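Structure first, commentary second.
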Amino acid sequence: MSGRVSIVTGGASGIGRALVTALVAAGDRVVAVDLDEEGLARAADAERWPEGRVDRRRLDVRDAPGWDALIASVARDVGPLDLLVNNAGVLKPGAVEAIAYADIDFHLDVNAKGAIYGTAAAARAMAARGRGHIVNVASLAALAPVPGLSLYAASKHALRGFSLSVAVELRPKGVFVTCVCPDAVATPMLDLQLDYPEAALTFSGSAPLTADDVARAVVAALAKRPVEITLPTSRGLTAKAAGALPNLAHHVAPLLTRKGRDRQESMRKGR
């Protein structure tokens with residue numbers, strides 16, 4: 001049993017909910033945070049999170065002072081923080097000419113700035129103790145162009161760039177940073193994309209990952225503490241190639257989009 005004290009954001013559903021459950025099984029004391037307090041309560045009942053092992057707290061990850069207050073209260077009430085998983089994220093598909101200014105703020109404030117606030121707050125506490133681990137959940141959209149999800153891709157590119165940079169910065173201080181880049185995951189976020197033709201590329205892979213797939217990969221990574229993992233590895237290599245050779249993406253993206261559109265339509269009809 002690990003004995004770690006961990007914080008997981010976005011704990012009410014999807015990957016966050018699966019992570020809380022997996023970390024409890026690994027022996028952690030977990031603080032599950034979310035803006036949706038009722039969702040956290042439903043998750044606790046459904047997953048049978050044990051009282052005394054899971055604390056549920058409300059946090060808007062866009063609230064920078066709230067992050068400092070959260071980590072201070074966790075240290076006081078539960079114990080010094082060992083692990084932070086920045087998992088909370090949002091996505092709204094759309095063509096660039098239809099983008100609303102509020103949508104720009106929405107993606108960057110939650111997906112990028114929210115995780116950056118959390119990383120900075122956790123790093124201060126962890127570096128002072130000389131140990132800790134921060135896991136930032138990005139996406140394969142952090143590696144390659146994703147037409148139709150430009151704001152999401154921009155926010156996840158920002159998070160990945162930040163994560164890789166601070167990983168080098170914090171390692172000498174005993175703090176490890178891992179950036180996790182999964183392909184499409186069967187969560188409410190994926191369900192949302194079924195009704196957006198712009199999101200067809202999301203469905204171009206094989207069967208979507210499950211939230212449990214990602215949770216298991218994160219827990220496994222806590223032992224080796226890599227700087228980055230992609231899920232699955234094969235799609236990660238494809239995404240990295242598209243990111244490294246953006247001209248290639250102009251030729252490959254239409255093929256993958258057609259493939260994704262067929263699977264998207266099939267999944268939409270099967271709901």
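The values are calculated or read from the model by the stated rules, or taken from the named source; none is laboratory data. Given the structure is predicted, the values throughout are model-derived calculations rather than measurements. With ideal geometry, Cβ positions are generated from the backbone for all residues, glycine too; neighbour counts draw on all protein chains shown. Accessible surface is based on the protein model in full, side chains and every heavy atom, while ligands, DNA and RNA are left aside. Shrake-Rupley method; radii C 1.70, N 1.55, O 1.52, S 1.80 Å.
Across the chain, the relative contact order, built from alpha-carbon pairs under 8 Å that are at least six residues apart, equals 18 percent. In straight-distance terms, cross-link reach from residue 113 covers every one of the lysines whose alpha-carbon lies under 18 Å from its own, apart from those fewer than eight places away in the same chain; here that gives 92, 156. Near the amide H of residue 7, within less than 5 Å, lie the amide hydrogens of 31, 83, 84, 85, all on another chain or at least 5 residues away, with H placed in the peptide plane.
For the chain, the membrane-span-like helix rule (DSSP H, alpha carbon extent of at least 27 Å along the helix axis, mean Kyte-Doolittle at least 0.0) picks out 150-170; this says nothing about an actual membrane.
The largest accessible area among 251, 157 belongs to the first residue in 251, 157, and the rest follow in falling order (1.4 Å probe, all chains). Taking the centroid of alpha carbons for each part, region 221-253 and region 1-33 are 26 Å apart. Rounded, prolate or oblate, given the Cα gyration tensor of region 46-150, with a/c below 1.5 counting as rounded? Prolate. 3J(HN,Hα) along region 130-140: x, 6, x, 9, 10, 10, 10, 8, 9, 4, 4 Hz, from the Karplus curve 6.51 cos²θ - 1.76 cosθ + 1.60 with θ = phi - 60°, whole Hz, x for Gly and Pro.
A 1.4 Å probe over all protein chains sorts 269, 156, 113 by accessible area into 269, 113, 156, starting with the largest. Here, the chain has an Rg and a Dmax of 18.1, 54 Å when only alpha carbons are counted. Only DSSP H runs of four or more residues enter the estimate; each adds -39500 (n - 2.57), and after division by the residues of the chain the mean residue ellipticity at 222 nm equals -16000 deg cm²/dmol. Compared with the rule-of-thumb size 2.2 N^0.38 Å for a compact globular protein, region 108-259 has a Cα radius of gyration ratio of 1.07.
Using θ = phi - 60° in the Karplus curve 6.51 cos²θ - 1.76 cosθ + 1.60, the 3J(HN,Hα) couplings for region 86-103 round to 7, 10, 4, x, 9, 8, 9, x, x, 6, 4, 6, 9, 5, 8, 4, 5, 5 Hz; x is entered for Gly and Pro. Between residue 104 and residue 47, the simple label model (points 7 Å from Cα in the Cβ direction) yields a spacing of 3.5 nm.
Each principal axis of the Cα cloud of region 217-271 was evaluated for its coordinate range; sorted largest first, these ranges are 40, 35, 11 Å. The relative contact order of region 167-224, computed from alpha carbon pairs under 8 Å that lie at least 6 residues apart in sequence, is 34 percent. Separation of region 42-78 from region 122-167 is 21 Å, based on Cα centroids. In this structure the amide hydrogen of residue 178, modeled in the peptide plane, comes within under 5 Å of the amide hydrogens of 134, 135, 136, none closer than 5 places in sequence on its chain.
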